[in-house]
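Just so you know, all these numbers are worked out from the coordinates, no wet-lab data involved. Just so it is clear, the structure is predicted and the values come from calculations on it, not from any experiment. Heads up, the Cβs are rebuilt from the backbone with ideal geometry, glycines too, and the neighbour counts pull from every protein chain shown.
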Amino acid sequence: MAPQTAPAAPADRYVSHFTELMHEVKDAGLLERRRGYYAWQIGVHVAAFFGIWVGFFLLGNSWFQLILAAALGVVVTQFGFLGHDAAHRQIFSSGSWNSWTSRILAGAFAGLSFAWWRAKHNMHHKGPNLEGYDPDIGAGAIAFTPGIVAQRTTGFSGWFVKRQGWLFFPLLTLEGLNLHAESIRAARDKTSTEPWRRTELALVVGRLSAYVAVLLIFLPLGKALAFFAVQMAVFGFCLGASFAPAHKGMPIVPPEMKLDFLRRQVMVSRNVHGNPLTDWAMGGLNYQIEHHLFPSMPRCNLKKAQPLVRAHCEREGIDYMEVGLFRSYAIVVDYLNNVGLRARDPFDCPLAAQLRG
């Protein structure tokens, strides 16, 4: 069955229905900065970061260091989330303060390039799940769209794509290394117009070099390699497992389909039921719908905005998708294992019927 072409829709279908919701959110004070919250978050995680390293030096030559390596992976993930929040201007009113906060938290603590992430992530926010535009569903180790699957039908790639759902989460253990490599590559790009490219390169490379040097100086080679591997694996898995439920398995939007802002953000996003542990472990990204609608909203206000957003979507007749954490992972695995089959009609689901109009 050939993919369906979205029919033309009346112009008034694309009139934004977002203004009323924006007024409700503003009136509730949910876009105001929460500096106290972020001061607490940054302070606690900086203390945890240095506390782990104190424990590292006190523990010395021991395989129990791998417990600290796992803990470091978790804490570094939190710096990735804090860098994400700063890059979205959630912390300060000043763009410069936010940018430098993100550079320090993401670069010096997590080893990630702010400029590379910002460029990639901004494209994602402008067109989530938009085929041919959203870099998060572009060609890579995993095939997220039918077009990519169609190019991988033989040999190892054909075998892999049929099982990629089961392999997706194990592969996330390599995502930490990939993010470091991409950050260094982007910071070394001499064609980049980023004014602070060399500063970011110094932060990312300096941090990684110091990290490796400390491990090799204070641990035997085998334990040093194991520490590095565990920390990177936990970091990559925690970060990737937080982003994966947000859009994977939701409808893919064809390039020719036009949607108003509200539908473009809500109907391809998925929330995960929140609780204090989930909210912390996922960096607030479990409120993905609210985050996409209000990217500069402080993380701690996303949960408060949820009832307003849900009620507004109900009034507008827009499905609001929220599931449990493990259910979201099951959806991701199932979609990735069957994307080539399901994608024969990429709009063969009730939610996508609304996209089709």
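Side notes on the structure shown:
- Distances between placed amide hydrogens fall under 5 Å for residue 322 paired with 271, all partners being 5 or more residues away or on another chain.
- Euclidean distance between Cα centres, the range 18-81 to the range 186-242, Å: 18 Å
- The chain: relative contact order as a whole-number percent, Cα under 8 Å and 6+ apart: 26 percent
- Summary of packing: across the peptides 217-229, 275-287, the per-residue average of other C-beta atoms within 10 Å ranks them, highest first, as 275-287, 217-229.
- Taking 23 Å as the limit for the C-alpha separation, the pairs 120/190; 126/258; 162/258; 126/248; 26/304 exceed it in the case of 162/258.
- Charge-dipole axis of the chain as Lys and Arg at +1 and Asp and Glu at -1 on Cβ define it, positive-most pick from 186, 149, 250: 186
- Taken along the Cα-to-beta-carbon direction at a fixed 7 Å, the label points for residue 169 and residue 157 span 2.8 nm.
- Taking amide H positions as modeled 1.01 Å from N, with prolines and chain starts lacking one, no residue 5 or more places away or on another chain lies under 5 Å from residue 91.
- Shown for 329, 211: other C-beta atoms within 10 Å of each C-beta, ranked fewest to most, produce the order 211, 329.
- Set of the range 33-58 residues, backbone N closer than 14 Å to the point 7 Å along the Cα-Cβ line of residue 218: 49-58
- Using a Förster distance of 25 Å, the FRET efficiency for residue 310-residue 23 (Cβ separation, nearest 0.05): 0.90
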